[in-house]
Amino acid sequence: MDDRRRVLVLVKGLGIGGAERLISSGSAYWDTDRFDYHVAYVLPWKDALVPELERRGIPVTCIGGNRGFDPLVPLRWRSLVKRFRPDLVHAHLPTAGILARLFTRGPVVYTEHNIASSYKTITRLANRLTYGMNAVAVAVSDAVLESIADFPGGPHRMIENGVAVEGGTDRQVPVREELDIEDSTALVVHVGNIRPHKGHATLLAAAELLFADHHDVVVVSIGGEKFPGDRDRLETEARQRGIDGRIRFLGSRADALDFVAAADLFVNPADVEGLPVAILEAMALGKPVVATAVGGVPSVVIDGETGRLVPPKDPAALAKTIGELLDDPALRQRLGGAARELIERRYSLARMVERYENVYDEVLGAVRR
């Protein structure tokens with residue numbers, strides 16, 4: 001007889017994104033001796049991480065139709081719940097959270113990955129109105145926790161994101177060969193899907209300013225587009241600024257970490273953030289980070305200690321700070337080393353998973369032995 005507690009994880013999609021990677025990478029640390037996991041997602045075209053979960057023996061079910069959300073999604077969800085009979089549902093991000101709260105009878109653990117005010121109005125309102133139905137709501141940073149402080153159902157919890165990234169692998173050669181750049185060319189890498197608040201306009205403007213003073217540098221931005229044509233729009237703007245070829249938009253890449261590992265510097269120009277997994281991964285690889293001081297970023301990128309912070313929507317400050325680090329290899333090495341040490345000490349993926357499973361135990365009334 002299988003006496004494991006059944007946990008059904010629900011997320012909008014399983015494409016390559018921060019919250020999604022926490023599920024796929026975190027599954028390597030799930031305690032499957034005590035918990036029987038099943039993962040569900042809605043958008044069928046966002047399935048890049050499904051094979052990784054299935055290789056680990058985690059069943060995965062898509063509950064969306066050809067267009068993703070349709071009127072049958074709640075029915076498919078209820079059917080899956082009836083078949084799997086979860087003891088607990090763990091939902092990530094508002095759409096999944098709302099669906100789980102409204103159409104699940106058992107307890108719901110919900111993770112808020114972003115500043116609550118950053119969502120579209122209708123999503124923000126529906127999220128807040130149903131928040132009291134959570135058994136526990138978890139924020140990924142102090143800033144995210146503060147943004148939901150007055151939401152129903154508190155007090156809420158904070159569990160910081162974690163990463164598990166293997167460093168030390170030489171990835172310089174294939175990346176630089178693909179980009180057709182010399183070893184002496186400085187490589188600045190950004191990882192973030194093309195969507196509102198991710199700061200791509202700031203990055204473009206900063207790159208133009210940076211290139212005016214630094215002639216041997218290439219900027220690479222990796223991330224899928226939310227709306228068709230977004231990547232073309234950015235590439236068109238780069239051509240209009242006369243910097244195409246020196247700033248490259250590569251789209252969604254499963255090997256994004258190879259580019260981060262090969263980078264001289266990692267940049268995050270977002271206007272709004274929770275606690276970006278991409279920044280944690282870059283720091284785990286010992287990369288110096290220049291990031292905007294938004295959301296939970298300053299809790300990990302400590303200005304002058306583990307990275308550099310700049311104001312959001314300030315291309316001049318971003319370009320100036322990137323340039324300063326490119327001109328100072330010793331500073332880059334010091335910041336990168338301190339960043340890696342912080343991640344190893346505080347932001348391990350195993351620690352994050354253990355804390356979530358402690359919440360499951362608490363919600364289910366289990367005693368951890």
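Restricting the search to the range 182-203, which residues are in contact with a helix residue (DSSP H, G or I) (Cβ under 6 Å, 6 or more places away or on another chain) and free of Cβ contacts under 8 Å to residues at least 60 places away in the same chain?
Ile194
Just for the range 8-40: of the residues that are of a type in the set (A, V, I, L, M) and part of a loop (DSSP other than H, G, I, E, B), which one is least open to solvent (accessible area, probe 1.4 Å)?
Leu14
For the range 107-120, how many residues are farther than 20 Å from Pro155 by Cβ and either at pLDDT 95 or above or of a type in the set (Lys, Arg) (or both)?
The qualifying residues number 1.
Give just the number: which of (1) at negative phi; (2) free of Cβ contacts under 8 Å to residues at least 24 places away in the same chain; (3) of a type in the set (Gly, Ala, Ser) does Gly365 not satisfy?
Here Gly365 clears every test but (1).
Residues of the range 1-27 being at pLDDT 95 or above and of a type in the set (A, V, I, L, M), which ones?
Correct list: Val7, Leu8, Val9, Leu10, Val11, Leu14, Ile23.
Sort out which residues of the range 160-189 are modelled with pLDDT of 95 or more and assigned to a strand (DSSP E or B), and write them in order of number.
Within the range 160-189, Ala186, Leu187, Val188, Val189 meet the criteria.
Going by the conditions given, is Thr306 in contact (Cβ under 8 Å) with a residue 12 or more places away in the chain, out of contact with any helix residue (DSSP H, G or I) (no Cβ under 6 Å at 6 or more places or on another chain) and of a type in the set (S, T, N, Q)?
no
Quick one: is Arg128 part of a helix (DSSP H, G or I), open to solvent by less than 10 Å² (accessible area, probe 1.4 Å) and at pLDDT 95 or above? If you could, list the steps in order and put the result at the bottom.
Details: part of a helix (DSSP H, G or I): yes; open to solvent by less than 10 Å² (accessible area, probe 1.4 Å): no; at pLDDT 95 or above: yes.
So Arg128 does not fit the description; no.
Looking at (1) more than 23 Å from Lys226 (Cα to Cα); (2) open to solvent by 20 Å² or more (accessible area, probe 1.4 Å), which is the only condition Lys46 fails?
With (1) more than 23 Å from Lys226 (Cα to Cα); (2) open to solvent by 20 Å² or more (accessible area, probe 1.4 Å) applied to Lys46, the lone miss is (1).
Please count how many residues of the range 320-365 are farther than 20 Å from Glu281 by Cβ and either open to solvent by less than 40 Å² (accessible area, probe 1.4 Å) or not in a loop (DSSP other than H, G, I, E, B) (or both).
Qualifying residue count for the region: 16.
Restricting attention to the range 88-106, which residues are modelled with pLDDT of 95 or more, out of contact with any Pro (no Cβ under 7 Å at 6 or more places or on another chain) and surrounded by fewer than 18 Cβ atoms within 10 Å (Cβ to Cβ)?
Residue satisfying the conditions is Leu102 alone.
May I ask you to list pairs of residues, at least six apart or on different chains, whose Cβ atoms are under 6 Å apart, with the first in the range 113-128 being under 21 Å from Asp142 (Cα atoms) and the second being of a type in the set (S, T, N, Q) and part of a helix (DSSP H, G or I)?
Qualifying pairs under 6 Å: Ile115/Ser147; Ala116/Ser147.
In the range 299-319, which residues are surrounded by 18 or more Cβ atoms within 10 Å (Cβ to Cβ), more than 18 Å from Gly337 (Cα to Cα) and not aliphatic (A, V, I, L, M)?
Scanning the range 299-319 gives Pro312, Pro315.
The values are calculated or read from the model by the stated rules, or taken from the named source; none is laboratory data. Worth saying up front: this structure is predicted, and the values here are computed from it rather than measured. No Cβ is skipped: glycine too gets one built from the backbone with ideal geometry, and neighbour counts run over all protein chains shown. Accessible surface areas use protein heavy atoms only, side chains included; no ligands, DNA or RNA. Shrake-Rupley method; radii C 1.70, N 1.55, O 1.52, S 1.80 Å.
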